[in-house]
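Below you'll find the structure, written out as structure tokens, and then a few comments.
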Amino acid sequence: MCVSLFATKTGVCVTTEDGWERVKEVEKALGNLPKGWKKETLGKGSQKGNGLVLREYTPKANPTGRQIRWHPGGGHHGSNPYWRVIDYNGKSGIIR
């Protein structure tokens, strides 16, 4: 598996050669995140405490709004796991 994480002017890009299925391997391969980004778990809903959230914070520890989230599935979005990418404006897209 090949994983890369890099900061750009528009945020953090995460790419994997084999797709998004192996979340634990992705977490391990990411290692240290770029300055301002933190690794967390989902904060609410049926999968609270599970999943993966990469969230960007300002130097004063306020969230910028930018996130990359992996949800293990279940709940109102269906049973399949999915990724969600959120930008500064709160606009998001789901990748299944």
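The values are calculated or read from the model by the stated rules, or taken from the named source; none is laboratory data. This one's a predicted model, so the numbers in the text were calculated from it and none came from an experiment. As a convention, Cβ positions derive from the backbone with ideal geometry for all residues, glycine included, and neighbour counts pool all protein chains shown.
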Give the residue that is nearest to Trp83 (Cα to Cα), with candidates limited to residues of the range 44-72 that are loosely packed, with under 12 Cβ neighbours inside 10 Å and small (Gly, Ala, Ser). Gly49
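Of the residues Ile86, Ile94, which is at pLDDT below 80 and within 14 Å of the chain's Cα centre (by Cα)? Explain how you work it out, then say what you get.
Values: Ile86 fails: at pLDDT below 80.
Testing whether each residue is at pLDDT below 80 and within 14 Å of the chain's Cα centre (by Cα) leaves just Ile94.
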Any residue that is at pLDDT below 85, in a loop (DSSP other than H, G, I, E, B) and at negative phi - is there at least one of those in the range 47-63? no
Could you tell me whether the range 10-25 includes any residue that is surrounded by 13 or more Cβ atoms within 10 Å (Cβ to Cβ), within 25 Å of Tyr88 (Cβ to Cβ) and at pLDDT 50 or above? yes
Looking at the range 65-96, which of the residues that are of a type in the set (S, T, N, Q) and outside any loop (DSSP other than H, G, I, E, B) is farthest from Val26 (Cα to Cα)? Ser92
Restricting to the range 39-64, count the residues that are within 12 Å of the chain's Cα centre (by Cα) and over 17 Å from Val26 (Cβ atoms). 1
Out of contact with any Gly (no Cβ under 8 Å at 6 or more places or on another chain) and either of a type outside the set (A, V, I, L, M) or at pLDDT below 85 (or both): does that describe His71? no
